[in-house]
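The values are calculated or read from the model by the stated rules, or taken from the named source; none is laboratory data. Being a predicted model, the structure only gives us computed values, none of them experimental. Cβ sites come from the backbone with ideal geometry, for glycine too, and all protein chains shown count toward neighbours.
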Amino acid sequence: MTTALSRRDLLKAAGALVVGFTLPVPVLANARSVAADQVDSFLAIAPDGSVTIYCGKVDLGQGLRIAIRQMAAEELGLGVERIALIEGDTDLTPDQGPTAGSTGVAKGGVQIRQAAATARQALIRLAAQRLEIAEGELDLMDGEVRPLSGDNRALGIGDLLGEGGFGLALDPAAPLRRPSTYKVVGQPLPRPDVPAKVTGRHVYVHDFTLPGMLHGRVIRPNAVGATLLSVDETGLKAIKGARMIRIRDFLAVLADSEWNAIRAAALLKPVWSEAATLSGHERVRDAMKAGPFVAEETLVAKGDVDKALAEAGDRVHRAEYYWPVQSHASLGPSCAVADVRSDSATIWTASQATHRFRPAFARLLGLPEDKVRLVYLDGSGCYGMNGHDDAAADAALLSKAVGKPVRVQWSREDELGWDPKGPPQLLALEGCRDENGLITGWRTEMWLPKATAGLPNVPLLAPQAAGLPQPPGLITGLIAQNGDPPYGVPAQEVKVHWLADAPLRPSNIRAPGKIANVFAVESFFDELCAGAQLDPLVARLQGLRDLRGLTVVTRAAARLGWKPRPSPNPEPGIGRGAAYVHYKRSETYVAIAMEAELDKESGRIRVRRVVCSHDCGLVINPDALRLQIEGAIIQTLSRTLLEEVTFDSHRVTATDWTSYPILGFADIPEIEVDLVDRPDQPPMGGGEAAATPVPAALANAVFDASGLRLRTVPFTPERVKAAIMESS
Amino acid sequence: MTATAPKQGKAPPKTPDIRLSVNGKPRTLSAASSKRPLLHALRDELGLTATKYGCGKGQCGACTVLADGQPVRACLMTVAEAAGKSITTLEGLGTPKAPHAVQAAFIAEQASQCGYCTSGMVMETAALLATTPEPSLEDAKQALSGHLCRCGSHRRILRAVMRASGRPQP
């Protein structure tokens, strides 16, 4: 069964590591179309009727490998075990955009589904001609076109098509199967990579080797912005075969094994210039208000907010919220393997954006784009761009310098110290209500680093150090969305003060920006409710006009056993809180309700129970989706309770799991995921939205438990105790 | 065969090789750099790549293997310390066709996302069940307290531990 094949099996079967991912349809690199408007770019049918799907999006652990198969299988009338999947190989797969923004299924899967529907239409047309039966009286099932009449003249799809492929453009009007007839979509099918992962047979980029491959390690400067003045390499003589590579400030060692590379790196004696370019993490918040700014932008303007605030007299409330710099904190370090020849290059990378990075690597290596191939292999999970692309650039530069394949695996300190970071966010909110408690005016002001328009990718460390040209700028993801309350406030405004820079190199991190924005908006909504002695959940239901939004809020409340009353809880100790998001105001609907307790002595918060009602339209695989949602909740609890990248004026100081702790087994709450399946609606993202209501639901539960309002993340015991002292 | 022939062919090594058992097979490792972590010897010299580097400090548990049945961090145990021991890695526990009970439970619960921490989680669980066949949920949390997962698969992992032991699942 194809799905049980691990990558290692595929590699072995192919007999060659370099083009090992093309089974069961062996196609040489550069030999196939990857145009995103052609059916043949997305799928191939072998003579035996098995199908290979070519997917530009990749599985980072989120379950895309089964979801894509299910979507294609449904249209093709085939079991998922008959479908092989090639992911993220720039020579073999169409460019479907980066695997980011929760678009794997919503865009990547939907495009492949349309390719499969076009294929089905074509296969039925071919069979209709051969059998002389009307198209409407035929269907595709179990790998055959069969007459609906029961007539047994079936034609296998492999025989029908022949070797030429479809030669057809994707037809956006090709009819899709009706959701009421779905057999594969919506089933909780197991993910095909899990058995290999659990038995140690899955080949991660960390495990991938090439003949003659060397191991590289890059020595980063002791301070951000420092330059390399000199380096003493005499110590390397102690390690046979070890050598130094230096390109301006890019300093690395190469050795015949990982361990020797680690030893060699420690034996080099570099002298770096003095550099103290960073503000230190404690000064970020104040520095954000000081600028410099590159733009002011009004994102939402409705009604007259100033007038509403003036009319409300003393019923105006103001508060500031802060979200710190955070790391992706991938459990394993970034890693890549590069084989750079004089006329071409292949890079094995865990990148979320192989296609998008291809031009950057071509420029870095001085090669034409079509001679550079990026091949996706699994890395340690990433949640936005971590260090994988930097490790790939490290390996590429070193392979080019030495003329041999090079593998670079970062250390734990490299990963937490140098991965591009989730940027800090500062929000100031003001709002007012009328005598009845209705919110009449609302303003959200944001201080955010401005992403550089048109910049294709995060500037990479290796070319920067080596003095190689690359477009400068900042990447953040879309971080200004969901800053407005979705509760029908008549006068509202959202303004952004766009900052010229970020304290550490930023990139997109899971649900970019929206976690902090929803934290502020949904906490502040509760603040206004508390001021008016209103139950915050009832107030949400009164303000919402969207039926799907009302549904998730109602269901989450019912599951938690919500009893209407204002916060805080008259019986302190345990509290409940809720928060809601309509992600990007156009995608997934999520409501989260939770119970938490606060121990005022220790300042420790314990989350007892989390309920999440989630509507992302059509559900492709409920089991994989549930796990994504649970993961988003746990990871965001970790980010809210514990995580802040600390740094001084020189460098990041949180570089291991003691200085950058994440949530462990002892603190995992009960989690109930309630899926609202809407088969008649388009499928939307499941990887990000559920993260966004978590911090506000928690802050609202802590307020309910104690009357203490937490507005600065992380909610560490020290910070909570300080807040208790301040409030008393 | 002359008396001198073996002498010429076998120059006495400076340090004796390190002998150990890995997944039930006798293996020999060079003692030349005997302070190197077992992790690197397993991955690079024996080609057993299921065991993963996570932190190199024993903080995350990703590199957990069994040494004489005890869970150890292969990033901290040196090759010299592994001498004479019986080491089990994830590859030695079971295969996709014949998985160990713990592996079968992890598959049944789909208790893995990116899977980078999975190897260490499975090995720790196997060690737990060998000494505590019917652990409580608290026992499971305690045993896994030194293991980190960034994807947030914790609840599935705990369900897998309880499933493997035939206990009620949370």
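Restricting A:L598, A:L663 to residues that are on the phi < 0 side of the Ramachandran plot, of a type in the set (A, V, I, L, M, F, W, C), surrounded by 21 or more Cβ atoms within 10 Å (Cβ to Cβ) and within 14 Å of chain B (Cβ to nearest Cβ) narrows the list to A:L663. Selection of the range A:327-376 for residues being out of contact with any strand residue (DSSP E or B) (no Cβ under 6 Å at 6 or more places or on another chain) and of a type in the set (D, E) yields A:D343, A:E369, A:D370. Among the residues making up the range A:592-603, a single one is farther than 20 Å from A:R559 by Cβ, acidic (D, E) and in contact with a strand residue (DSSP E or B) (Cβ under 8 Å, 6 or more places away or on another chain): A:D599. Just wondering, is there one or more residues in the range A:159-167 that are in a loop (DSSP other than H, G, I, E, B), in contact (Cβ under 8 Å) with a residue 24 or more places away in the chain and at negative phi? Yes, the range A:159-167 contains a residue that is in a loop (DSSP other than H, G, I, E, B), in contact (Cβ under 8 Å) with a residue 24 or more places away in the chain and at negative phi. Per the conditions (1) more than 20 Å from A:V553 (Cα to Cα); (2) outside any loop (DSSP other than H, G, I, E, B); (3) within 8 Å of chain B (Cβ to nearest Cβ), the sole criterion not satisfied by A:R606 is (3).
Residues in the range A:658-695 that are free of Cβ contacts under 8 Å to residues at least 60 places away in the same chain and among the hydrophobic types (A, V, I, L, M, F, W, C): A:L663, A:F665, A:A666, A:I668.
From the list A:G109, A:G150, A:G136, which one is farther than 21 Å from A:A46 by Cα, without any contact (Cβ under 8 Å) to a residue 24 or more places away in the chain and part of a helix (DSSP H, G or I)? Explain how you work it out, then say what you get.
On the way: A:G109 fails: without any contact (Cβ under 8 Å) to a residue 24 or more places away in the chain; A:G150 fails: part of a helix (DSSP H, G or I).
Going through A:G109, A:G150, A:G136 in turn, just one is farther than 21 Å from A:A46 by Cα, without any contact (Cβ under 8 Å) to a residue 24 or more places away in the chain and part of a helix (DSSP H, G or I): A:G136.
For the range A:577-599, the criterion of a residue being hydrophobic (A, V, I, L, M, F, W, C), farther than 23 Å from A:A690 by Cα and either in contact (Cβ under 8 Å) with a residue 24 or more places away in the chain or in a loop (DSSP other than H, G, I, E, B) (or both) is satisfied by at least one position. From the list B:T118, B:T95, the lone residue that is within 24 Å of A:D378 (Cβ to Cβ), among the β-branched types (V, I, T) and surrounded by fewer than 16 Cβ atoms within 10 Å (Cβ to Cβ) is B:T95. Residues that are touching a helix residue (DSSP H, G or I) at 6+ places or on another chain (Cβ under 8 Å) and free of Cβ contacts under 8 Å to residues at least 60 places away in the same chain within the range A:172-183 comprise A:P172, A:P175, listed in sequence order. For the range A:476-500, a residue qualifies if it is within 20 Å of A:A287 (Cβ to Cβ) and touching a residue at least 60 places away in the same chain (Cβ under 8 Å), and the qualifying residues are A:A480, A:K495, A:V496, A:H497, A:W498, A:L499, A:A500. Being over 19 Å from the mean Cα position of the chain (by Cα) and not small (G, A, S) is the requirement here; does A:E430 meet it? In short, yes.
Condition first: farther than 22 Å from A:S411 by Cβ, of a type in the set (A, V, I, L, M) and more than 36 Å from the chain's Cα centre (by Cα). Can you find one or more residues in the range A:227-246 that meet it? Checked against the condition, which is being farther than 22 Å from A:S411 by Cβ, of a type in the set (A, V, I, L, M) and more than 36 Å from the chain's Cα centre (by Cα), the range A:227-246 yields at least one hit. Any residue at all in the range B:143-155 that is hydroxyl-bearing (S, T, Y), without any contact (Cβ under 8 Å) to a residue 24 or more places away in the chain and in a helix (DSSP H, G or I)? No: zero hits. Look at B:L29 and say whether it is at pLDDT 95 or above, out of contact with any Pro (no Cβ under 6 Å at 6 or more places or on another chain) and under 22 Å from A:K197 (Cβ atoms). So B:L29 does not fit the description; no.
In the range A:195-209 there is at least one residue matching the filter, namely being among the acidic types (D, E), within 26 Å of A:A338 (Cα to Cα) and within 14 Å of chain B (Cβ to nearest Cβ).
Of the residues screened, A:W348 is not one that is among the hydrophobic types (A, V, I, L, M, F, W, C) and either closer than 18 Å to A:H497 by Cβ or at pLDDT below 95 (or both).
Among the residues of the range B:32-53, those that are facing another protein chain (nearest Cβ under 9 Å) and either charged (D, E, K, R) or part of a loop (DSSP other than H, G, I, E, B) (or both) comprise B:S33, B:R36, B:R43, B:D44, B:E45, B:G47, B:L48, B:T49, B:A50, B:T51, B:K52, B:Y53. Taking the criterion of being under 28 Å from the mean Cα position of the chain (by Cα), part of a helix (DSSP H, G or I) and under 30 Å from A:S659 (Cα atoms), would at least one residue in the range A:288-298 satisfy it? Among the residues of the range A:288-298, at least one is under 28 Å from the mean Cα position of the chain (by Cα), part of a helix (DSSP H, G or I) and under 30 Å from A:S659 (Cα atoms), which makes the answer yes. Looking at the structure I just gave you, is A:D339 exposed (fewer than 15 other Cβ atoms within 10 Å of the Cβ) and either in contact (Cβ under 8 Å) with a residue 60 or more places away in the chain or outside any helix (DSSP H, G or I) (or both)? So A:D339 fails the test.
Here is a yes/no grid of residues against (1) part of a loop (DSSP other than H, G, I, E, B); (2) at pLDDT below 95; (3) surrounded by fewer than 24 Cβ atoms within 10 Å (Cβ to Cβ):
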site: A:N482; (1), (2), (3): yes, no, no
site: A:P485; (1), (2), (3): yes, no, yes
site: A:G488; (1), (2), (3): yes, no, yes
site: A:K495; (1), (2), (3): no, no, yes
site: A:A530; (1), (2), (3): no, no, yes
site: A:L534; (1), (2), (3): yes, no, yes
site: A:R548; (1), (2), (3): no, no, yes
site: A:A558; (1), (2), (3): no, no, yes
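From the list A:T658, A:T692, A:T716, A:T712, the one residue that fits, being among the hydroxyl-bearing types (S, T, Y) and surrounded by 21 or more Cβ atoms within 10 Å (Cβ to Cβ), is A:T692.
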